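See below for the structure under consideration.
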Amino acid sequence: MPGVNLVIVNDAVTPVGRWQLSSQARLSIRAAFCLATPLIIGLITGQRAYGTLVAIGALWGISQDGLDRWHNRSPRILGVAFAGGPGLALGALFVNHVDSPWALVALFGGVAFVAGLIEASLWATQGMYLLLGAILGGGLAFTGRIWQSALYVMVGGLFVYAMASLTDRRGRRADQRLCLADAMQALAQLFGAIGTEGLNHARSRAVVVLDAAQDVVGAKKLPEDDEGVAIHQVFVVVLQFGELASYLASKAEAVDAAVIGVLREVAVTIRERSCLDAVAQLDGFSSTFMSTLTSPSRRLIAVSFRCPARSTLVSEMPFRSTIHRLPMVDRFRFALLFGGAVVVATIIAHELDGPKGYWLPMTVAFVFRPDLGPVMRRAIARVVGTLAGVGIAAIVDIAGNQQVSLILLCCVMAAAVPLAAQRSHALTVMVFTPIVFVFIGVLGPDQNLLWPRIVDTAIGASIVLSLDYVMWLHAPSLRPRQQLELVGEAVASYQQTTPESDPVLRHSRRRNALRAVTGARSAIKLAGIEPHLFHESGAPYLFRLNSYLDEIDDHTVELVEGPTSPEP
């Protein structure tokens, strides 16, 4: 195609116009624009405080923006607006009508409990910003402008949502094609890793990518238009190749490089043209590979390229979304621990910073998250990031806090947020902290906030680490022993399938079994690095896990070598 280059990033082929900005650059520009606009308007109109409140909502919205699918991203950004604003109003109304610091402790603890339930129910953004809004409203009070302040915070979040929707929103069909293209790329990597040490890593990555395709494509009704049907046909081919990958891995049979190249070629067709074109490609390769490949499994490879006939597709996929939710008992456990940690942090903040101290409980809210990886790493990242952010803010303060320089600082930091979020939590905190200092300098009291913020951050991290050591914050249902039990149940369910079973149901049960293996492997790894009282040795669990994986592969071999498999 003239004027278009193909750029390979992380083994993915993406068309980029000769002068077109990258997705990452567009995301950073959008972040800087969304944060700078309300600040500049507030400065021009003489309403710095309201402009700053809109910028706070925009900053929170920017933290939830990204390069992932709009289907996943838009609820997060809206959650900032419709949770952060009401949370701020709740906290501010309370402190303006209840003259008791201990009542504020009860409020923060109660909101933290509710927010913890919401977070643990896979609505992390809504729960977190409900609590952050309440803490900020209780700390700054916003006397005389409570409803206006809450409204402007909501406007900031909605402004980011509008900009993201206008500039980067993908349609449902484009979303489905993107997931299928990513799945083809992940399968190509998986086939290339067969017989190498990177097989387990490639398999785990393929599990995640194919899960996304299953959520976006597999849980939908079968449409009547040709492109919609083609999307489902390609989806079944993806599942066939996932099963074939397990079969070839069990045989330690390397895949011809031509097959891997074709998978990448089909991924480009899906992404840049249509699934109708991809279906034609796949059927053509099915005929070609039957006669040209020399590998022992050439017949199975050729058949896997064959798309199912339209008449064989069911109108409703026989499985539900792959999203995993914690059991209710785990959600209540997290909410109780979360509420307790915020109560302790608020009491200490009251003694150190006065009745409206808020930075310390905010630190707990950022570090204490439901199953986002090792708590120790998050706590250290929070402290290190705060130290770096305070240093940047101190330099700006020494320079005189000129309004233009402050706005420029916010723009630079906001533009760096998306990139920092992809690198590490510490970098994200480092670029967030200077912006927060600017905003608090406008809205809050005029006092030196640098050293107290460092102390509060260290204390908040210590509170969470202490609770993690005594109680182990990781949900019981996600610990190694429980995860291995889930693996056993998923493997048993998969073993009940036969070559004559519905193809999508059969592949879905295999995906569930592999997904359970991936979850158990992560739980075993986490148990080995977290400081808790429930430490469990990983060696016996890894042995059992590998046995389950062999059972999955053995049953896959039986299905693939059956008289009617892997044809749908």
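The values are calculated or read from the model by the stated rules, or taken from the named source; none is laboratory data. Please read these numbers as outputs of a predicted model, since none were measured by experiment. Note that we place each Cβ from the backbone using ideal geometry, even for glycine, and neighbour counts take in every protein chain shown.
Here is how the numbers come out for the structure above:
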item: Subset of region 450-502 [in contact with a Gly (Cβ under 6 Å, 6 or more places away or on another chain) and under 23 Å from A539 (Cα atoms)]; result: Q483
item: Failed condition for V216, given (1) buried (at least 21 other Cβ atoms within 10 Å of the Cβ); (2) closer than 30 Å to V114 by Cα; (3) modelled with pLDDT of 80 or more; result: (3)
item: Residue within region 56-70 that is farther than 22 Å from P361 by Cβ, surrounded by fewer than 17 Cβ atoms within 10 Å (Cβ to Cβ) and in the same structural domain as C410 (by TED's automatic domain parsing) present; result: yes
item: Count of residues meeting criterion [surrounded by 22 or more Cβ atoms within 10 Å (Cβ to Cβ) and in contact with a strand residue (DSSP E or B) (Cβ under 8 Å, 6 or more places away or on another chain)] in region 254-279; result: 1
item: A516 being modelled with pLDDT under 75 and in a helix (DSSP H, G or I); result: no
item: Residues within region 134-156 that are among the small types (G, A, S) and in a loop (DSSP other than H, G, I, E, B), tallied; result: 2
item: Filter pass, A162 being under 30 Å from E227 (Cβ atoms), part of a helix (DSSP H, G or I) and free of Cβ contacts under 8 Å to residues at least 12 places away in the same chain; result: yes
item: Members of region 138-167 that are over 22 Å from L93 (Cβ atoms) and surrounded by 18 or more Cβ atoms within 10 Å (Cβ to Cβ); result: F159, V160, Y161, M163, A164
item: Any hit, region 534-541, residues being modelled with pLDDT of 75 or more and surrounded by 17 or more Cβ atoms within 10 Å (Cβ to Cβ); result: yes
item: Some residue of region 280-297 being assigned to a helix (DSSP H, G or I), modelled with pLDDT of 80 or more and in contact with a helix residue (DSSP H, G or I) (Cβ under 8 Å, 6 or more places away or on another chain); result: yes
item: Complete set of residues in region 451-494 that are in contact with a His (Cβ under 7 Å, 6 or more places away or on another chain) and at pLDDT 85 or above; result: Y494
item: Test: residue in region 62-71 that is of a type outside the set (G, A, S), part of a loop (DSSP other than H, G, I, E, B) and without any contact (Cβ under 8 Å) to a residue 12 or more places away in the chain; result: yes
item: Which listed residue, of G109, G85, is in the same structural domain as D330 (by TED's automatic domain parsing), in a helix (DSSP H, G or I), at pLDDT 90 or above and within 15 Å of Y358 (Cβ to Cβ); result: G109
item: First in region 350-361 and closer than 14 Å to A134 by Cβ, second anywhere and at pLDDT 70 or above and in a loop (DSSP other than H, G, I, E, B), Cβ under 7 Å, 6 or more apart; result: K356/A141
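Residues are listed down the side, and each one gets a yes or a no for (1) closer than 30 Å to F82 by Cα; (2) at pLDDT below 75; (3) in contact with a Gly (Cβ under 7 Å, 6 or more places away or on another chain):
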site	(1), (2), (3)
L166	yes, no, no
A186	no, no, no
G195	no, no, no
E224	no, yes, no
S246	no, no, no
A258	no, no, no
